[in-house]
Amino acid sequence: MFKLSEKILLLCVGEAGDTVQFAEYIQKNVQLYKMRNGYELSPAAAANFTRKNLADYLRSRTPYHVNLLLAGYDETDGPGLYYMDYLSALAKAPFAAHGYGAFLTLSILDRYYRPDLTREEAVDLLKKCLEELNKRFILNLPSFTVRLIDKDGIHDMEKLPVGRK
Amino acid sequence: MALLDVSGYKYNSASQFGFKQTLLDRSNHYSFGTKCQEFAVPVGVDPSKFLKSCSCEDGVCIDLNHGTTTLAFKFRHGVIVAVDSRASAGKYIASKEANKVIEINPYLLGTMSGSAADCQYWERLLAKECRLYKLRNKQRISVSAASKLLSNMMLGYRGMGLSMGSMICGWDKQGPGLYYVDDNGTRLSGRMFSTGCGNSYAYGVVDSGYREDMTVEEAYELGRRGIAHATHRDAYSGGVVNLYHMQEDGWIKVCKEDVSELIHRYKKGMF
């Protein structure tokens, strides 16, 4: 999880080395934009910037094999989640997941997500997903880092241990 | 006579043309007319190698029908069985209303996932064996025995490229029964199974919504939801949900609903 700005987080998974390299490159460039222009990139702009960079490298000798989720809060547009894959496809989505865990959790998100969830309901929905992973996923993932982004910025939530049931 | 059967000893030495089949087809019933105890395989052909040559690496590309989602779970009032109805051959949808549940008899159901041909053939053969059992023993076959028959059939042809993942559901003297049988010869008894390439999506929905003490209507809805959400995410599942309920006095077919209509109903306001 990489903090691009006060209200934007970038989650990056994929090939070892590529992930950190690419994410830090994006992180520093977003900071540079703020320094040069005096104001931050919006989440939509940051997402498109990231996608453009990924696409430019795709047909070079050194493509980055990373899957990304970019989450941010915009003053005018509200919260936004952007799903990006290693072929630099970009889609704005109400919920998203990457990796094998996605096979198990996407249907739960489909089933219980509503656009007007409260914070507690949203955390409960996340817990449901983690319980399912704990039950059916072949790898043991003992704990998860959870962060929340709202109008006041990024907040760390308590580490969710997945040991119940 | 069992030893005689197994050893394949032919005491009928005068084997003329139109040979007399003195031995009943007791153990050889699926050896397709071979005279001695063996599994019928084409001579000189290695099925697994043949199938490998049909997968896309070597030029010729035959996509076996694999895509599906089926699920079944036990609860207080019996067993719910729900399946989708899409038959895909690679990227092509061969049928949108395929029947993936075989009604073996009024108290036994079998689901099909994997290769359509394998499933249909072997489960129909299972139906024949169950009927023969009832005729010979004057009582119904148990779910455990039926599933064991199927898994033994699979074990006989292990490594030869069969592809079948099936759930045998029924109600017998021991109560509701649910067994998962697949082409490796795996046979598992359990409370809930889902098979096919959409199975992970179905597990997500059914695991999160399952309670042992659900009412019958809630269980129907859970089964419908599981298939609907799986078909929504999995490209190789779709069509309609065929929903069955296995009760003490036999199964009933509950409904047959189009998944796109279900999804539109569930996601009203989201589109």
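Quick look at the values:
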{"read-out": "Any hit, segment B:149-160, residues being closer than 29 Å to B:TYR210 by Cα and touching a helix residue (DSSP H, G or I) at 6+ places or on another chain (Cβ under 8 Å)", "value": "yes"}
{"read-out": "Options A:TYR73, A:TYR64: the member that is at pLDDT 95 or above and surrounded by 15 or more Cβ atoms within 10 Å (Cβ to Cβ)", "value": "A:TYR73"}
{"read-out": "Segment A:79-89 - residue that is within 18 Å of A:THR19 (Cβ to Cβ) and part of a strand (DSSP E or B) and, of those, farthest from the chain's Cα centre (by Cα)", "value": "A:MET84"}
{"read-out": "Filter pass, A:LEU130 being surrounded by 19 or more Cβ atoms within 10 Å (Cβ to Cβ), more than 24 Å from B:GLY223 (Cβ to Cβ), within 12 Å of chain B (Cβ to nearest Cβ) and at pLDDT below 95", "value": "yes"}
{"read-out": "Unique residue being within 14 Å of another protein chain (Cβ to nearest Cβ) and either among the small types (Gly, Ala, Ser) or out of contact with any helix residue (DSSP H, G or I) (no Cβ under 8 Å at 6 or more places or on another chain) (or both) when the list is A:ALA96, A:ALA122", "value": "A:ALA96"}
{"read-out": "Test: residue in segment B:220-233 that is away from chain A (no Cβ under 14 Å) and among the small types (Gly, Ala, Ser)", "value": "no"}
{"read-out": "Positions within segment A:64-78 being more than 13 Å from A:THR50 (Cβ to Cβ) and in a loop (DSSP other than H, G, I, E, B), in sequence order", "value": "A:HIS65, A:GLU75, A:THR76, A:ASP77"}
{"read-out": "Residue list for segment B:184-209, filter: within 11 Å of chain A (Cβ to nearest Cβ) and hydroxyl-bearing (Ser, Thr, Tyr)", "value": "B:SER194, B:SER200, B:TYR201, B:TYR203, B:SER208"}
{"read-out": "Where a residue in segment B:166-190 is of a type in the set (Ser, Thr, Tyr) and its partner, wherever it lies, is surrounded by fewer than 17 Cβ atoms within 10 Å (Cβ to Cβ) and not in a strand (DSSP E or B), with Cβ under 9 Å and at least six apart", "value": "B:TYR179/B:SER144; B:TYR179/B:LYS148; B:TYR179/B:GLY190; B:TYR180/B:THR186; B:TYR180/B:GLY190; B:SER189/B:SER144"}
{"read-out": "Single condition A:LYS127 does not satisfy, out of (1) in contact with a Leu (Cβ under 8 Å, 6 or more places away or on another chain); (2) part of a loop (DSSP other than H, G, I, E, B)", "value": "(2)"}
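Quick grid of which residues meet (1) β-branched (Val, Ile, Thr); (2) within 12 Å of another protein chain (Cβ to nearest Cβ):
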{"position": "A:LEU41", "(1), (2)": "no, no"}
{"position": "A:ALA46", "(1), (2)": "no, no"}
{"position": "A:THR62", "(1), (2)": "yes, no"}
{"position": "A:THR76", "(1), (2)": "yes, no"}
{"position": "A:LEU106", "(1), (2)": "no, yes"}
{"position": "A:LEU109", "(1), (2)": "no, yes"}
{"position": "A:THR118", "(1), (2)": "yes, no"}
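Quick grid of which residues meet (1) hydrophobic (A, V, I, L, M, F, W, C); (2) surrounded by fewer than 15 Cβ atoms within 10 Å (Cβ to Cβ); (3) at pLDDT 90 or above:
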residue: A:ALA97; (1), (2), (3): yes, no, yes
residue: A:ASP116; (1), (2), (3): no, yes, yes
residue: A:ASN134; (1), (2), (3): no, no, yes
residue: A:LYS159; (1), (2), (3): no, yes, no
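The values are calculated or read from the model by the stated rules, or taken from the named source; none is laboratory data. The structure displayed is predicted, hence computed values, not measured ones. For neighbour counting, all protein chains shown are included, and Cβ atoms are generated from backbone atoms with ideal geometry for every residue, glycine included.
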